Amino acid sequence: MKRPLVPVALAYASGLILASRLTPPLAWLFGIALPLALAALVSGRLRPVLLWPLLVLAGWVNLASRVAVLSPDDLRRIVGQEPALVTVRGRLLETPSMRVYTRQGEESWRSLAVLKAEAIERRGAAWQPAYGRVAVTTDGPLPARWFAGQRVEVSGLIRPPNGPLAEGLFDYQHYLRWQGIYHQLRVRTANDWRVIGPVGPSPLADRFRRWAQATLAHGLPEHDSWPLAPGMPADSAPAEDTALELLWSMTLGWKTALTQEVSEPFMQTGTMHIFAISGLHVALIAGILVAVLRVAQAPRSLCGWLVVPLLWFYTAATGWQSSAVRSTIMMSVVIGGWMLRRPGELLNSLAGAAFLILLWDPAQLFQASFQLSFFVVLSVALLLPPIQQQLSELLKTDPFLP
C-alpha cells in the first residue's frame, strides 16, 4: 500500500466523530472493543479485517473517556452549574499571559491562566479533593513570579464559561469545553493568588522567551530598560512600540500586543493567521537549521537529531500553541523520513501527523485551527500536482525548435 497511514487516520477520525455524536456508556464500548482485540490477537486470518473496527473503537473510546465524568472529585460533580465563591488549589499548566480589552473606548488588562485543580474550598467549608481544569481570569496584570508548574491557591468566583452573546457568534463555552475546561474562575486582583511551597526558577522556555524579546529589542533606545525589573508582569513591554510588539507576536507568539485596535485591520484583511506560530515558522526554522548543518557537512542523521529537539524547544518557548504543535509533529515526521532516506509522500506524512496529534488530543479534530491547517495542506497535496502537470504541458518548448 502506497499510503498506509491514510486509511488508518480516517478510521480513527471516524471513531472521534461517532464519539461526538453518540455517547453510550464506556462499559459498552470496552465490552465491544476487548473481544475484537482478543480475536485479532488470536486469529491471524481475521486480523486485517478486525483492524478497521478496532481503530474506529479506539478513537471512540479515547474521546469518550476524556469527556466522561469518571472521578467522584470531578469539578462538574462538585461545583455544578451554579456560581460559587471558592478557593482552588492546583498547579499552573501554563505561564499566565495578558490580554488588553477595549470597551466603550477604555482599555482594561486581564491575566489568563489554566489551572489543574487538586483541591477546592468553598466559603465556610473544608477542603475537598477536586479534579479538572479551570480557566482563571484575573483583572489587571500578574507579577512575573507566577509561571507554569507552580502550585498555587487562587480565590474567586467559579462558574461555567459564558455562552455566545447571540446565535451564530463565537461560543467561548464550547471552545473551552473541547479543551477539557468546564469552569472559569474570575479573580479580582493579584492579591487573591498565593504560592504553595518553595518557589523555584522559572521554566527554561520562559527564560528563553524573555531573552529573545530582549534580543529583538536590542539597539532600540526606547527599550534600554529591558529586561524587565523584578515584579513587573512577564508580558509587559517597557515602552510602547507597536512595530516591536508585532514582531514579538509574529516570532514568539506574544499575544499581549494584539489589542482590538491592532488586530482589527488584520482580521478585516484576512491576515490574522500570521500571528499564530504555525507551519511557516517551523518550516523556516527547520530549513535554516538543516541548511547550516549541511553546509557544515553534518550527516543526515546528525541533522535530524539536532534539528528536531530544537524545533520542539521553539514550540515550548512559544507557549505550546496548537498550530505549532501540529506543525512540529508534521515536520518531525518529514525530517525522520529524510534521516532514514525514505521516499517522501506528503499525504502519508500528513495522515501520520494527524493520527499522532489525535492520539495525543482527540478534541483537536473539532477545532477550526486543526481543520484549516490540515485541509490547506491536503488541498496542496491533491491539487498542486495536476496543476503543475498542466502548466508544464502548456509551457513546454516545442521539441522541433532549434
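Values quoted throughout were computed directly from the atomic coordinates according to the rules given, and no laboratory measurement underlies them. Only a predicted model underlies this, so the values are computations on that prediction, with no experimental measurement involved. All Cβ positions, glycine included, derive from the backbone under ideal geometry; neighbour counts span all protein chains shown.
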Where in the range 58-95 does the amide nitrogen come within less than 17 Å of the point 7 Å from the Cα of residue 157, taken along Cα to Cβ? 80-88
In debye to the nearest 20, how big a dipole does the range 75-195 give about its Cα centre with +1 on each Lys and Arg Cβ and -1 on each Asp and Glu Cβ? 400
On a full-extension model of 0.36 nm per residue, what is the gain between residue 189 and residue 291, subtracting their alpha-carbon distance, rounded to one decimal in nm? 31.9 nm
Multiply the residue separation of residue 306 and residue 39 by 0.36 nm, subtract the distance between their alpha-carbon atoms, and state the gained length in nm to one decimal. 91.9 nm
At the level of C-alpha centres, the distance separating the range 296-336 and the range 160-218, in angstrom, is 25
Counting pairwise Cα distances across the range 75-195, what percent come out greater than 25 angstrom? 22
Distance in nm between residue 359 and residue 165 label points, each 7 Å along Cα→Cβ, equals 4.3
For the pair residue 369 and residue 125, how long in nm is the line joining their label points, each one 7 Å along Cα→Cβ? 3.4
From the residues 203, 397, 27, which one has its Cα farthest along the dipole of the chain in the positive direction, the dipole being from +1 and -1 charges on Cβ of Lys/Arg and Asp/Glu about the Cα centre? 27
Kirkwood Rh and Cα Rg combined as Rg/Rh, the chain: 1.01
So between residue 17 and residue 2, what do we pick up on full extension, going 0.36 nm a residue minus the alpha carbon distance? 2.8 nm
Can you give the charge dipole size of the chain about its Cα centre, rounded to the nearest 20 debye, using +1 on the beta carbon of Lys and Arg and -1 on the beta carbon of Asp and Glu? 1540
Compare the Cα positions of 276, 348, 315 along the charge dipole of the chain (+1 at Cβ of Lys, Arg; -1 at Cβ of Asp, Glu; about the Cα centre) and return the one farthest towards the positive end. 348
Mind checking the log10 I(q)/I(0) for the range 1-118 at q = 0.13, 0.19, 0.21 Å⁻¹? Debye, one equal scatterer per Cα, no solvent, two decimals. -0.78, -1.06, -1.15
Two-decimal Rg to Rh for the range 5-67 - Kirkwood Rh, Cα set: 0.99
